[in-house]
Amino acid sequence: MQDSKIVGIYLAAGKSSRMGENKLLLPLKNTTLGSLALNTALTTNLDHIVVVTKEEDPLDWLDYIFFTSLFVKRWTHVTCAEAKEGQAYSLRRGLQEVNAMKAEAALVFLADQPFVTVRIMNNLISRYRTILNEGRERDFVAASFKGIVRPPILFSRNMFPTLEKLEGDMGARKLIRKSFIGNGDTIEYEDERAFFDIDTREEYEQVKEGIPYK
């Protein structure tokens, strides 16, 4: 079981409606907001990453380094024709690709969470591999802060059919809170900043200035 493939799904197809412009293109920490979490994920123990965007996305928010020989074979770009209908459709599109790769599990993470760490992602992967090696079954392994599940979330392929039935803006986190909390493991973290997602101009400006926001 140790070699079971775990693939990341990078959800980057949002409308940025609260920001008023493409937030993934905003400068942050010497790159772009949308590049930060992907760069982190590419240095983790994930076997591959599927980047899901809108159909018309020119990928101009991606740092040039992702197209170099160092990283270009580590990720695949797919588009979601129904991205405007909500995050569930982008997740479905990513799962189609993960299924085609015959992966054992998918780690779902968000393009507007720039401070997620290698440690958090690798801990989820390590915990899931331990579960497999011990012959146990879990639907998911999730990060949490103060007992509340936050992305990134790692899902067993047993959960793929359920995730593929999600509609609209019902994300995977809501599904766990609603129905599946007893079927998975959570890893608690104390650093709330790691889970910040940037939706508004105010949040972006505060993060740029290093001011924690609520």
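General observations
- Hits in the range 37-50 - residues which are farther than 14 Å from Leu11 by Cβ and not charged (D, E, K, R): Asn39, Thr40, Leu42, Thr43, Thr44, Asn45, Leu46, His48
- Test for Tyr10: is it aromatic (Phe, Trp, Tyr), out of contact with any Lys or Arg (no Cβ under 9 Å at 6 or more places or on another chain) and not in a helix (DSSP H, G or I): yes
- Selection within the range 70-79: residues that are in a helix (DSSP H, G or I) and more than 18 Å from the chain's Cα centre (by Cα). The member of this set that is farthest from Ala37 (Cα to Cα) is Lys73.
Here is a yes/no grid of residues against (1) charged (D, E, K, R); (2) under 19 Å from Leu36 (Cβ atoms):
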site: Leu46; (1), (2): no, yes
site: Thr68; (1), (2): no, yes
site: Ala81; (1), (2): no, no
site: Lys84; (1), (2): yes, no
site: Ala88; (1), (2): no, no
site: Arg92; (1), (2): yes, no
site: Val98; (1), (2): no, no
site: Lys102; (1), (2): yes, no
site: Phe109; (1), (2): no, yes
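- Extreme residue, farthest from Val78 (Cα to Cα), among residues of the range 17-43 that are assigned to a loop (DSSP other than H, G, I, E, B) and touching a residue at least 12 places away in the same chain (Cβ under 8 Å): Lys29
This table checks each residue for (1) under 26 Å from Arg201 (Cβ atoms); (2) of a type outside the set (Ser, Thr, Tyr); (3) crowded, with 18+ Cβ neighbours inside 10 Å.
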{"site": "Pro58", "(1), (2), (3)": "yes, yes, no"}
{"site": "Leu62", "(1), (2), (3)": "yes, yes, yes"}
{"site": "Phe71", "(1), (2), (3)": "no, yes, no"}
{"site": "Val78", "(1), (2), (3)": "no, yes, no"}
{"site": "Lys84", "(1), (2), (3)": "yes, yes, no"}
{"site": "Ala100", "(1), (2), (3)": "no, yes, no"}
{"site": "Phe109", "(1), (2), (3)": "yes, yes, yes"}
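- Residues of the range 44-59 that are assigned to a loop (DSSP other than H, G, I, E, B) and farther than 21 Å from Ala105 by Cα: Glu55, Glu56, Asp57, Pro58, Leu59.
- Yes/no for Gln96 being under 22 Å from Gly14 (Cα atoms), modelled with pLDDT of 90 or more and assigned to a loop (DSSP other than H, G, I, E, B): no
- Residue tally, condition surrounded by fewer than 18 Cβ atoms within 10 Å (Cβ to Cβ) and not polar (S, T, N, Q), over the range 86-98: 0
- Single unsatisfied condition, Met19 versus (1) over 16 Å from the mean Cα position of the chain (by Cα); (2) modelled with pLDDT of 95 or more; (3) buried (at least 19 other Cβ atoms within 10 Å of the Cβ); (4) not basic (Lys, Arg): (2)
- Selected residue (criterion: nearest to the chain's Cα centre (by Cα)) from residues of the range 100-126 that are more than 29 Å from Lys15 (Cβ to Cβ) and part of a loop (DSSP other than H, G, I, E, B): Glu104
- Breaking point among (1) surrounded by fewer than 18 Cβ atoms within 10 Å (Cβ to Cβ); (2) at pLDDT below 90, for Val149: (1)
The values are calculated or read from the model by the stated rules, or taken from the named source; none is laboratory data. This one's a predicted model, so the numbers in the text were calculated from it and none came from an experiment. Neighbour counts are summed over all protein chains in view; Cβ atoms, including those assigned to glycine, are modelled from backbone coordinates with ideal geometry.
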